[in-house]
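Participant: Sharing a structure here in structure tokens format.
The values are calculated or read from the model by the stated rules, or taken from the named source; none is laboratory data. Note that the structure is a prediction, hence the values are computed from the model and not measured. Every residue, glycine among them, receives a Cβ derived from its backbone with ideal geometry; neighbour counts consider all protein chains shown. We work out accessible area using only protein heavy atoms, side chains counted, and drop any ligands, DNA or RNA first. Shrake-Rupley method; radii C 1.70, N 1.55, O 1.52, S 1.80 Å.
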Amino acid sequence: MIQTIRGFRDILPEDTPLWQAIESCASKLFENFGFKEIRIPIMEKTELFARSIGETTDIVEKEMYTFPDRKGDKLTLRPEATASVVRAFIQHSMGASDSVQKLYTIGPMFRRERPQKGRYRQFYQINAEVFGIASPYIDAQLILILNELFKRLGLSELEAHINSLGCKECRPNFQKELLTFLQDKKEQLCENCLRRMDKNPLRTLDCKVPDCREALKDAPSTLNHLCSGCQDHFETVKSVLTEQGVDFIVDKTLVRGLDYYSKTTFEILTTALGAQSAVAGGGRYDALIKELGGDETYGIGFAIGLDRLAEIVAQMINSNAQEDAKAQTSKAHFLELMHSNSPDIFIIPLGDKAIRLAYMWTSALNIAGIKTETDYSGRSLKSLMKRADKLNAQYVLIAGDKEIEDNALVLRNMGTKEQYFVTTDNPVEQVETLLNRV
Ligand code: AMP
């Protein structure tokens with residue numbers, strides 16, 4: 001039997017209602033904040049990612065799915081969305097029609113990482129990007145939006161970590177000091193850190209190897225080297241978040257795995273999946289648009305890991321923990337969304353003539369917006385009642401030869417067991433009236 005590739009998986013119909021609910025919650029919230037959806041290709045020229053994400057990052061060094069197409073062009077399955085959204089922004093001169101652009105996109109990303117719980121080789125992200133705003137208010141607003149989204153999804157126990165990486169004015173000084181510090185610690189650093197030290201010393205700060213963490217615990221922090229512009233920017237982000245009641249932790253190790261960040265970076269962390277992991281991350285990238293060939297334009301964005309988010313929301317729904325009223329409401333809301341795919345009506349046809357009519361009525365009811373299912377197998381009333389139960393149908397409509405002959409079909413509410421009669425001439429209108437849909 002042919003199976004999925006390692007690290008790739010199917011999201012099955014029992015899980016998609018949850019994914020759809022999360023996606024629609026996110027897109028509604030983003031649209032309230034003025035974001036518009038953009039859809040971008042899943043494959044781009046390799047150069048786009050190599051130039052934006054950075055040659056010395058894990059992603060570009062070893063995780064990209066890159067291959068030549070039949071003409072030898074080097075192509076890559078996108079490992080993240082920001083580079084493509086920036087490419088689209090430049091390619092379509094989007095800044096010319098409106099210098100401020102707020103965009104979001106939802107879709108799969110590909111990284112050849114070691115698969116484990118919450119880590120896949122094809123995973124999904126919800127991305128939001130803002131172009132053309134220098135103000136720190138937008139940095140704070142993006143963190144606020146993440147906070148609000150997680151609140152709406154009924155999640156607590158998340159931690160927002162924030163940091164500032166400085167800009168091209170203040171970062172070189174910091175890098176010099178960091179490099180001096182790293183030279184002294186060379187013996188204790190892993191091979192990866194040693195290799196990256198000269199090209200991109202910042203990356204050593206978030207190395208997960210325990211010996212490196214120990215060696216770097218007193219490493220200099222970008223926060224002590226910010227120029228006054230970056231300092232003011234970061235202070236405003238923090239004070240605005242505090243005023244809006246968004247909790248955060250300043251985390252000097254938060255440098256993120258991509259090279260293009262400057263000033264504010266942030267991650268939302270959770271322990272819900274075992275070891276602490278990020279459900280979302282982002283930051284400012286004021287130099288990236290120019291770097292990719294556009295005009296100098298401010299940029300900032302974030303990516304939410306949809307696989308991890310769905311897992312945490314599912315855990316929340318299935319947990320029996322004591323909950324406050326708010327958590328109960330979000331749970332009920334999700335359960336409702338997840339059951340919204342059950343049919344309103346299951347038509348039980350008994351006899352050949354009835355099957356033809358059941359087919360006709362099912363089609364007409366579905367077109368009228370009433371979710372209806374039927375069965376063409378000619379099975380018995382008992383076995384079809386079982387099937388209606390299994391599908392969680394709200395009503396059954398029983399259409400046996402006798403009911404058709406008497407011109408009185410039985411519509412039964414599966415919950416209350418109440419029964420109504422429906423004639424055969426215009427069942428759609430009658431059912432609509434009975435279901436209070438008109
Ligand atoms: P990044 O672009 O690496 O900052 O990732 C943003 C978010 O995407 C992370 O916080 C994760 O939630 C999610 N993510 C990244 N890589 C993976 C992966 N391999 N599998 C599942 N989720 C991922």
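Participant: If you take just the strands (runs of 3 or more DSSP E) that sit entirely in segment 340-438, which of them hold at least 2 residues that are open to solvent by less than 30 Å² (accessible area, probe 1.4 Å)?
Facilitator: The qualifying strands (runs of 3 or more DSSP E) are 345-350, 395-400, 409-413.
Participant: Quick check on residue 262: is it without any contact (Cβ under 8 Å) to a residue 60 or more places away in the chain and in contact with a strand residue (DSSP E or B) (Cβ under 9 Å, 6 or more places away or on another chain)?
Facilitator: no
Participant: Consider residue 140 against the criteria (1) touching a helix residue (DSSP H, G or I) at 6+ places or on another chain (Cβ under 8 Å); (2) open to solvent by 50 Å² or more (accessible area, probe 1.4 Å); (3) more than 16 Å from the ligand (Cβ to nearest atom); (4) closer than 20 Å to residue 278 by Cβ: it satisfies all of them except one. Which criterion is unmet?
Facilitator: Going through (1) touching a helix residue (DSSP H, G or I) at 6+ places or on another chain (Cβ under 8 Å); (2) open to solvent by 50 Å² or more (accessible area, probe 1.4 Å); (3) more than 16 Å from the ligand (Cβ to nearest atom); (4) closer than 20 Å to residue 278 by Cβ one by one, residue 140 breaks only (2).
Participant: Testing residue 128 on (1) more than 9 Å from the ligand (Cβ to nearest atom); (2) surrounded by fewer than 20 Cβ atoms within 10 Å (Cβ to Cβ); (3) at pLDDT 95 or above, one condition comes back false. Which one is that?
Facilitator: That leaves (2) as the condition not met.
Participant: Say whether the condition of being at positive phi and outside any helix (DSSP H, G or I) is met by at least one residue in segment 148-157.
Facilitator: Within segment 148-157, one or more residues are at positive phi and outside any helix (DSSP H, G or I).
Participant: Could you grab me the full set of residues in segment 180-225 that are part of a loop (DSSP other than H, G, I, E, B), of a type in the set (A, V, I, L, M, F, W, C) and closer than 14 Å to residue 57 by Cα?
Facilitator: If the condition is that a residue be part of a loop (DSSP other than H, G, I, E, B), of a type in the set (A, V, I, L, M, F, W, C) and closer than 14 Å to residue 57 by Cα, then 197, 207 are the ones that fit.
Participant: What number of residues in segment 276-306 are open to solvent by less than 10 Å² (accessible area, probe 1.4 Å), more than 10 Å from the ligand (Cβ to nearest atom) and among the β-branched types (Val, Ile, Thr)?
Facilitator: Of the residues in that region, 2 qualify.
Participant: For segment 264-275, what are the residues that are open to solvent by 40 Å² or more (accessible area, probe 1.4 Å) and not aliphatic (A, V, I, L, M)?
Facilitator: Those that are open to solvent by 40 Å² or more (accessible area, probe 1.4 Å) and not aliphatic (A, V, I, L, M): 271, 274.
Participant: Also: In this structure, is residue 69 out of contact with any Phe, Trp or Tyr (no Cβ under 6 Å at 6 or more places or on another chain) and without any contact (Cβ under 8 Å) to a residue 12 or more places away in the chain?
Facilitator: yes
Participant: Continuing with the same structure: For segment 107-120, give me each residue that is surrounded by fewer than 20 Cβ atoms within 10 Å (Cβ to Cβ), part of a strand (DSSP E or B) and more than 8 Å from the ligand (Cβ to nearest atom).
Facilitator: 107, 108, 116
Participant: Something else: Among the residues of segment 154-175 satisfying the criterion of being open to solvent by 40 Å² or more (accessible area, probe 1.4 Å) and in contact with a helix residue (DSSP H, G or I) (Cβ under 6 Å, 6 or more places away or on another chain), which is modelled with the lowest pLDDT?
Facilitator: Within segment 154-175, the match that is modelled with the lowest pLDDT is 175.
Participant: Pick from 89, 67, 123: which is under 24 Å from residue 308 (Cα atoms) and not in a loop (DSSP other than H, G, I, E, B)?
Facilitator: Checking each option against the conditions leaves just 123.
Participant: Which of the residues belonging to segment 312-331 are surrounded by fewer than 19 Cβ atoms within 10 Å (Cβ to Cβ), within 17 Å of residue 14 (Cα to Cα) and either away from the ligand (no atom under 16 Å from the Cβ) or modelled with pLDDT of 95 or more (or both)?
Facilitator: 317, 318, 331
Participant: For residue 404, state whether it is farther than 28 Å from residue 336 by Cβ, touching an Asp or Glu at 6+ places or on another chain (Cβ under 9 Å) and of a type in the set (Val, Ile, Thr).
Facilitator: No; evaluated as a whole, the condition is false for this residue.
Participant: Report, by residue number, each residue of segment 19-77 that is of a type in the set (Ser, Thr, Tyr) and either more than 20 Å from residue 112 (Cα to Cα) or in contact with a Leu (Cβ under 9 Å, 6 or more places away or on another chain) (or both).
Facilitator: Across segment 19-77, the qualifying residues are 24, 27, 46, 52, 57, 65, 66, 76.
Participant: Please go through segment 274-283 and give me each residue that is touching a residue at least 60 places away in the same chain (Cβ under 8 Å) and out of contact with any helix residue (DSSP H, G or I) (no Cβ under 6 Å at 6 or more places or on another chain), ordered by number.
Facilitator: Answer for segment 274-283, where residues must be touching a residue at least 60 places away in the same chain (Cβ under 8 Å) and out of contact with any helix residue (DSSP H, G or I) (no Cβ under 6 Å at 6 or more places or on another chain): 274, 277, 282, 283.
Participant: Going through 415, 400 one at a time, which residue ends up being modelled with pLDDT of 90 or more, within 39 Å of the chain's Cα centre (by Cα) and within 22 Å of residue 387 (Cα to Cα)?
Facilitator: 415
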